[in-house]
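The values are calculated or read from the model by the stated rules, or taken from the named source; none is laboratory data. Bear in mind the structure is a predicted one, so any value in this text is a computation, not a measurement. No Cβ is skipped: glycine too gets one built from the backbone with ideal geometry, and neighbour counts run over all protein chains shown.
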Amino acid sequence: MTTRKKIIITVTTVIIIGIGYKIFFAGKKDLITYETEVATMGSVEQTVSVTADLESKQEVMLNFETVGRIKSINTYVGKKIAVGETIATIDDIAFEQDLRRADAALAQALANSGASNDLIREAEQKKENAKDILEETEDLEDQRVDAAERAYEDAKSNYEDAQEYYAQVLSDNGAGDSLTKSAKLTLNSANIAKHSAEEGVESAKKARDLSIVSAESSVKSAKEGIETAESNYTKRSKDAAVESARATRQTALANLQKATLVSPINGTVAQMNYKKGEVLGTSMNSVFGKILSSDFTLEADIPESDIVKVKLEQNATVTFDAFEESEKFEAKVIEIEPAATVIQDVVYYKVKLRLSDVDIRLREGMSGDVDIHTAEKGNVLVIPRRALRTEDDKQYVDILIGDNEVKTVEVEAGLRGDDGEIEIVSGISSGDKVIVFVNDPTKK
């Protein structure tokens with residue numbers, strides 16, 4: 001074969017291969033397909049999810065300081081109780097008689113010493129009157145605050161209903177429709193009513209605090225009056241008989257006070273071991289009841305990648321391994337430690353949360369899953385995060401125009417959601433088809 005023929009054959013072969021390649025891959029190009037998602041308006045929520053343990057909580061065992069028959073029980077298991085609130089009483093007739101005898105003995109001793117206790121009794125009566133006024137003031141002001149809070153909850157509920165109704169009417173009829181305008185007016189009125197009710201709550205709380213401070217001041221003044229009267233009284237009655245009678249009266253008064261059992265903390269009644277009419281034993285192991293402190297806290301370790309999202313007062317949802325997953329507890333972030341803790345070469349920061357409600361089933365050391373609600377946005381443009389890519393510190397998405405035209409658009413991204421979505425602040429519009437996956441046979 002001549003050299004010229006070899007050249008012709010070689011050139012012809014290359015041309016045929018080139019034509020075949022072009023035909024083959026041109027057909028392949030037509031087979032490129034795109035998986036897309038439509039950019040829509042929606043909401044984005046961001047949470048930080050961690051595990052946490054219940055810290056040691058305060059348990060108070062309740063006991064009377066004396067013995068006797070149960071006269072009344074003023075609470076029950078599961079009830080929330082405040083510090084100083086009466087839990088139960090025992091029969092105090094004997095103690096009252098002892099106090100009356102002590103009063104009589106003290107009066108006689110004072111008479112014998114030439115002193116009078118009329119001023120002291122008058123001062124004590126003023127103190128009792130002031131205490132009664134304080135209790136009545138607290139009850140009345142608490143009722144007013146409760147009424148204001150109920151009014152606020154009603155106004156808030158009405159506002160939320162008006163919001164929902166307005167959104168529905170706006171969606172169905174558009175902004176210019178008379179029904180929409182009427183719904184907007186209703187929404188504005190409900191919003192004003194809600195703010196007014198909220199201010200009413202604050203005003204009621206401030207008024208309550210001022211009234212209680214005033215009543216407490218009266219009690220303090222009355223107590224000082226007793227101290228003054230007793231001081232003068234003491235100066236006039238220094239003999240041993242008067243001092244002995246006074247000590248006897250103080251003992252009788254203390255014994256009478258021991259007949260009433262009050263709560264030493266704020267918490268929830270977890271146990272009651274006696275009923276009305278039963279007699280308290282003298283054994284040190286005879287426990288009347290138990291209160292769990294309302295100050296439940298959870299401690300969690302937050303990795304450094306998430307700690308910047310967590311702020312004080314953020315709300316959280318908690319589920320405990322010991323309960324059903326559907327049973328959720330509310331909590332709030334109350335403390336963020338500034339110092340880091342290194343665990344297996346990973347930097348963490350300790351965060352404490354306080355449970356909103358006490359549950360008598362909770363136990364020290366229980367572990368739970370905590371979702372801290374760090375951010376939330378509504379009515380924003382949302383796309384899948386996998387549609388977003390970053391190049392040279394800029395963010396882009398590809399949108400599909402028609403069936404096969406692809407356009408790359410620079411965008412500004414916002415809040416990252418928990419469910420794989422992300423907020424888009426600018427660059428594309430609602431309804432755009434963003435490409436999340438490209439099936440390109442030429443690259444296989």
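Of the residues in the stretch 97-114, how many are modelled with pLDDT of 85 or more and either surrounded by 15 or more Cβ atoms within 10 Å (Cβ to Cβ) or within 26 Å of Asn273 (Cβ to Cβ) (or both)?
5
Considering Asp419, Asp398, the condition of being surrounded by fewer than 17 Cβ atoms within 10 Å (Cβ to Cβ) and not β-branched (Val, Ile, Thr) is satisfied by Asp419 alone. Would you check which residues across the stretch 336-363 are touching a residue at least 12 places away in the same chain (Cβ under 8 Å) and over 28 Å from Lys290 (Cα atoms) and list them? Across the stretch 336-363, the qualifying residues are Ile336, Glu337, Ala340, Thr341, Ile343, Val346, Val347, Tyr348, Tyr349, Lys350, Val351. Regarding Leu381, is this residue touching a residue at least 40 places away in the same chain (Cβ under 8 Å) and touching an Asp or Glu at 6+ places or on another chain (Cβ under 7 Å)? When the stated conditions are applied, Leu381 passes them. For the stretch 219-334, the strands (runs of 3 or more DSSP E) that sit wholly inside it and include 3 or more residues that are modelled with pLDDT under 85 are 267-272, 289-293. Total residues in the stretch 157-180 satisfying the condition of being surrounded by 14 or more Cβ atoms within 10 Å (Cβ to Cβ) and within 20 Å of Asn379 (Cβ to Cβ): the figure is 9.
Within the stretch 171-188, the residues that satisfy the criterion of being without any contact (Cβ under 8 Å) to a residue 24 or more places away in the chain and either of a type in the set (Gly, Ala, Ser) or touching a Phe, Trp or Tyr at 6+ places or on another chain (Cβ under 7 Å) (or both) are Ser171, Gly174, Ala175, Gly176, Ser178, Ser182, Ala183, Lys184. Of everything in the stretch 363-387 that is outside any strand (DSSP E or B) and among the small types (Gly, Ala, Ser), the residue that is farthest from the chain's Cα centre (by Cα) is Ala387.
Taking the criterion of being assigned to a helix (DSSP H, G or I) and surrounded by fewer than 15 Cβ atoms within 10 Å (Cβ to Cβ), the residues of the stretch 74-96 that qualify are Ile93, Ala94, Glu96.
Screening Ile360 with (1) in contact with a Gly (Cβ under 7 Å, 6 or more places away or on another chain); (2) assigned to a strand (DSSP E or B) gives one miss only, at (2).
Yes or no, residue by residue, for (1) touching a Ser or Thr at 6+ places or on another chain (Cβ under 9 Å); (2) modelled with pLDDT of 90 or more:
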site: Asp393; (1), (2): no, no
site: Asp398; (1), (2): yes, yes
site: Gly402; (1), (2): no, no
site: Glu405; (1), (2): no, no
site: Val409; (1), (2): no, yes
site: Glu412; (1), (2): yes, yes
site: Gly417; (1), (2): yes, no
site: Ile422; (1), (2): no, yes
site: Gly427; (1), (2): no, yes
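Take Thr390 and tell me if it is hydroxyl-bearing (Ser, Thr, Tyr), in a strand (DSSP E or B) and closer than 22 Å to Ser43 by Cβ. No; evaluated as a whole, the condition is false for this residue.
Here's the yes/no breakdown for (1) in the same structural domain as Ile81 (by TED's automatic domain parsing); (2) under 27 Å from Gly414 (Cα atoms):
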site	(1), (2)
Val279	yes, no
Phe288	yes, no
Ile307	no, yes
Asp321	no, no
Glu330	no, no
Tyr348	no, yes
Gly365	no, no
Arg386	no, yes
Lys394	no, yes
